[in-house]
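Just so it is clear, none of the values below were taken in a lab; they were calculated from the coordinates. Please read all numbers here as calculations on a predicted model, not as lab measurements. Positions of Cβ are backbone-derived with ideal geometry, glycine not excepted, and every protein chain shown enters the neighbour counts.
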Amino acid sequence: MGYLDDEVKRLQSIIDGIEGRVKALETRQSGGSPSKATSEEIRMILIGPPGAGKGTQAPKIKEKFSCCHLATGDMLRSQVAKKTPLGREAKKIMDQGGLVSDDIVIGMIKEELENNQECKGGFILDGFPRTVPQAEGLDAMLRSRNQTLQHAVELQIDDALLVARITGRLVHPASGRSYHTTFNPPKKAMTDDVTGEPLIQRSDDNAEALKKRLATYHLQTAPVVGYYQKTGIWKAIDASQEPGTVWKSLLAIFDGDKAKAGNAGSGILSKLAGRS
Ligand code: ADP
Ligand code: AMP
């Protein structure tokens with residue numbers, strides 16, 4: 001057993017070394033900086049009902065790819081907090097579990113993709129698109145930038161599991177970080193682990209508003225799944241598992257990308273394998 005373990009470790013360190021050198025070569029080939037190699041760019045959306053775990057997983061994706069995380073819900077809540085005319089209008093709709101107009105949210109995403117420097121490394125959209133017209137708006141936006149979406153990942157979960165998740169959710173409004181009273185409690189009660197600032201409960205995170213939000217989801221957002229199934233970039237993962245397992249499912253999707261890139265014939269790895 002000891003010999004086998006040592007041998008596996010030795011092989012792993014050889015593989016790590018080769019991976020590092022391949023990455024450096026690919027970075028040089030793409031003319032980019034190490035953290036922004038083209039193979040590492042991500043353009044994806046997370047679809048799922050309220051409480052599915054979009055806001056929990058998205059920051060991990062952001063960290064992995066150094067991209068931006070755009071959550072239309074967070075953007076709207078920031079307008080509500082600032083009491084802007086849009087915020088006042090949006091608050092009523094949000095508390096009733098309805099959807100803010102397509103034009104407004106499409107405009108918000110467009111503005112971020114054009115001006116937010118973090119989006120240069122790619123983007124992950126959370127809570128957008130929520131209607132088919134929003135999906136069409138996103139496609140048009142990307143077409144004009146000569147870009148395409150790589151993944152539309154659906155976080156699948158039974159409605160019955162969402163009540164406990166939503167009624168126990170605590171958020172740090174400034175960062176969008178979310179906690180859960182039972183499933184992911186902060187180190188100190190009602191306090192953000194990172195800034196020490198107070199956590200709040202969202203005004204729409206109650207059982208009654210959730211019912212309406214779920215009805216809206218099934219009526220208006222479920223067709224977005226069909227939209228991306230047709231384009232071939234849709235993938236579903238089981239979001240009822242614990243957060244670490246959900247993260248592993250996401251990593252498996254990204255690893256699938258790497259395997260494809262390796263098989264495509266244009267990468268350094270395929271050159272090494274004598275395929276091009
Ligand atoms: P969404 O952004 O999809 O509305 P969140 O990521 O904010 O959902 O998650 C909703 C609540 O459920 C949060 O309180 C979060 O801590 C908790 N949560 C997220 N993922 C899981 C999970 N896999 N298992 C249990 N609780 C989770
Ligand atoms: P979320 O934070 O994603 O749960 O969103 C909270 C609320 O903001 C939703 O219930 C909607 O009222 C509104 N909202 C967020 N994103 C969108 C969107 N893409 N389109 C329309 N309304 C949205």
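Just a few scattered comments:
- Cα-derived Rg to Rh of region 172-233, Kirkwood definition: 1.15
- Under-5 Å amide H pairs with Phe123, H placed in peptide plane, nonlocal only: Ile42, Arg43, Met44, Cys68
- Neighbour cut-off at most 11 other Cβ (10 Å), DSSP loop, trypsin sites (Lys or Arg not before Pro), region 112-186: Arg145
- Checking the cross-link pairs Lys91/Lys212; Lys60/Lys258; Lys62/Lys248; Lys60/Lys212; Lys60/Lys235 against a 20 Å limit on the alpha carbon distance flags Lys60/Lys212 as lying beyond it.
- Cut-off under 5 Å, modelled amide H: who pairs with Thr191 long-range: Leu199
- Rounded to whole numbers, the Karplus 3J(HN,Hα) couplings from phi for region 233-248 are 9, 6, 9, 10, 10, 7, 8, 8, 6, 6, x, x, 6, 4, 4, 4 Hz, using 6.51 cos²θ - 1.76 cosθ + 1.60 with θ = phi - 60°, and x at Gly and Pro.
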